[in-house]
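The values are calculated or read from the model by the stated rules, or taken from the named source; none is laboratory data. Since this is a predicted model, take the numbers as computed values, not measurements. Counting neighbours? That spans all protein chains shown, and the Cβs are built from the backbone with ideal geometry, glycine included.
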Amino acid sequence: MKIERRKARTAEVYTASLNDIMFFLLLFFLIISTMVTPAAIKVLLPNSSTAENVVTKKNISLVINHNHQYFVNDKQVTFDEIEPTLASILASKPEEVEYTVLLQADRSLNLQDVVNVIDIGNKLQVKIVLFTQKD
């Protein structure tokens, strides 16, 4: 005797959530691919007698607070020690490195205090950038 089923079962895969998963995977790989540096083609550059070195810039932090305390790269120094400290940092630099002093002065300081520090930078022939704040 042959037994037949009333309903024929069909296999079905629920794929509604696969669209979301594929979107997130695509987004993930797009973000990761922008962070990875591409493999550059290695090229031997020709020589030139007038070629110049590329200058890389580094920053020196100089902070003056309202108590006239001076900090060079987070190290506390007196006013008289600013010039030798900056000079030693600049003397130890390689030729292809250019330093910029980032000056952060408290707003309660006199203008003369800030100008004195800028004069030190001018003596050492280093660029000084004074930080300000938007209103």
Segment 90-135, residues that are among the β-branched types (Val, Ile, Thr), touching a strand residue (DSSP E or B) at 6+ places or on another chain (Cβ under 7 Å) and more than 16 Å from residue 58 (Cα to Cα):
114, 117, 118
Would you check if residue 82 is closer than 19 Å to residue 132 by Cβ, aliphatic (A, V, I, L, M) and more than 21 Å from the chain's Cα centre (by Cα)?
no
Would you pick out the residues in segment 108-128 that are loosely packed, with under 13 Cβ neighbours inside 10 Å and not charged (D, E, K, R)?
108, 110, 111, 112, 115, 122, 125
Name the single residue, out of those in segment 13-28 being modelled with pLDDT of 80 or more and of a type outside the set (A, V, I, L, M, F, W, C), that is nearest to the chain's Cα centre (by Cα).
20
